[in-house]
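Remarks on the structure that follows.
The values are calculated or read from the model by the stated rules, or taken from the named source; none is laboratory data. Nothing here was measured: the structure is a model prediction, and the numbers come from that model. Counting neighbours? That spans all protein chains shown, and the Cβs are built from the backbone with ideal geometry, glycine included.
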Amino acid sequence: MFEIQDRLPGARVGTVDKFQGQEAPIVIYSVTTSSCAKAPRGMEYSANRLNVATSRAKCLCIVVASPDIFELDCRTPRQMGLANAFCRYLEMASIVDL
């Protein structure tokens, strides 16, 4: 996040929580982590966070994520609910494989 801010001084960079209630022409939502083991699942799969991030974009929303995030092993109804928003988004999205 800080590197983006350094390279693009005029860009507004922050967390989903920081931008709640604001809009931007383009939103880049990163659902990445440096360690899968340390990633809090509730944060990654929060339908509210995904909604806030994607609905802030006026023209384009880019979601950056590993394809592994969609390889789900849900064992409870709660886990299925958390994963549902991401799976639905994936169904509707255009995927660019880098």
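I need the full set of residues from region 42-58 which are among the charged types (D, E, K, R) and loosely packed, with under 12 Cβ neighbours inside 10 Å, in order please. Let's see the steps before the verdict.
From region 42-58, those among the charged types (D, E, K, R) are 44, 49, 56, 58; that's our starting set.
Once the filter is applied, which keeps residues that are among the charged types (D, E, K, R) and loosely packed, with under 12 Cβ neighbours inside 10 Å, region 42-58 yields only K58.
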**Asked** Inside region 9-35, can you point out the residues that are of a type in the set (F, W, Y) and at pLDDT below 85?
**Response** F19
**Request:** Scan region 59-98 residue by residue and report those that are exposed (fewer than 12 other Cβ atoms within 10 Å of the Cβ) and among the charged types (D, E, K, R).
**Result:** D68, E71, D73, R75, R78, E91, D97
